[in-house]
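FYI, it's all coordinate maths here, none of it is from the lab. Because the structure is a prediction, the values reported are computed rather than measured. Because the Cβ atoms are built from the backbone with ideal geometry, glycine has one as well, and the counts that use them run over all protein chains shown.
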């Protein structure tokens, strides 16, 4: 007898693990219209698959790889992004012409230079003695070296960037970027649920960031606060602000973020992207 | 957690994690790497995770969220269509043919990105795995009404793009 509704995989896994009582298993079978024979067949197939997996990836080999991975201080994989998109209506875009849309000057507290430097020659963490202010810098990966990008420098889709910041002391804060379509990408912390702590000294984020095809600019923002930050709440505040502005096909500069909270300051670093004509 | 404990956890639940990652990533090497990363997370957070009550549920959830994040990262990095598509496509796949789906990927992807991890997980358990509201609620430690509310809100957003999505149970 074939089932019309295969048993949910998670429930099957849990039955196989011995989590459920016979009564609970009967209830699951009833809910999902699974016969005893079909369940038994599914469990046997699962058991066979377990054996095949453990043969293909023996425990010693697998766990050794896990321990090795865990011991790496930083991973070079691309970060999982927390990326939010806004579906802007035509009306909202049209409203851009009259929207309150102030543009931030391309200022920075850094003195960027673009002499190519091997990125691997610098330690990831350097204590900055006497660093007076928050600093954000962007490196463009160009194997085997990386180039420090100037504020306002032009980049393009596909460029791989690495973010570096320097703080005179540890703070609460975030690093994010806003592109020309007002999409927000969270860079640090890695996940919105993680604690939003930015370490003292010069730090380079352990993952790269590849630019997509959003037009006009990518503005990186270092938000530094004296009090703890709820990442999700802060991102929502920025979203709300961006909703009051609109990406415009005629503009190439990002909006200037307002004071998000009394105890927070922002440093920005803006890269420009070649304008793309949109239909 | 020492090596022996990790090995036992792998023997007991590793195949499930790998199977889960295979199902989501649809690429053997990616699935293996993601599975190892899942166990790294467990190793690093062993002191805060409750691995005694229901390790299957815990690892299944960590694996699902980790693979979804990996999919998002890869999509962002590559900016090209791959076989590793976003999970809402799995939801949609139950209701639509692939030709229609292609046209809807973009909006679904954007929509899915904006959901909380817990909402995505609820959606997957309900619409992809076809678990009941009660079963989903038990898995995510929420009330049935809470799960129903999340699903209804998400369904309202999805419906303009995906037709014939399974109705959210009334009771």
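Using Cβ counts within 10 Å as a stand-in for footprinting exposure, how do B:158, B:62 rank, fewest first? List each step's numbers first, then the result.
Details: B:158 23, B:62 19.
Listed from fewest to most nearby Cβ atoms, that is B:62, B:158.
Fewest-first ordering of A:38, A:134, A:179 by other beta carbons within 10 Å of each residue's beta carbon gives A:38, A:134, A:179. With neighbour counts taken as other beta-carbon atoms within 10 Å, the residues B:26, B:120 rank, fewest first, as B:26, B:120.
Ignore the peptide's own chain and count Cβ atoms of other chains within 10 Å of each Cβ in A:52-63; give me the average, rounded.
Working: counts 1, 9, 5, 0, 4, 7, 3, 8, 3, 0, 10, 13.
Taking all residues of A:52-63 together, the mean is 5.
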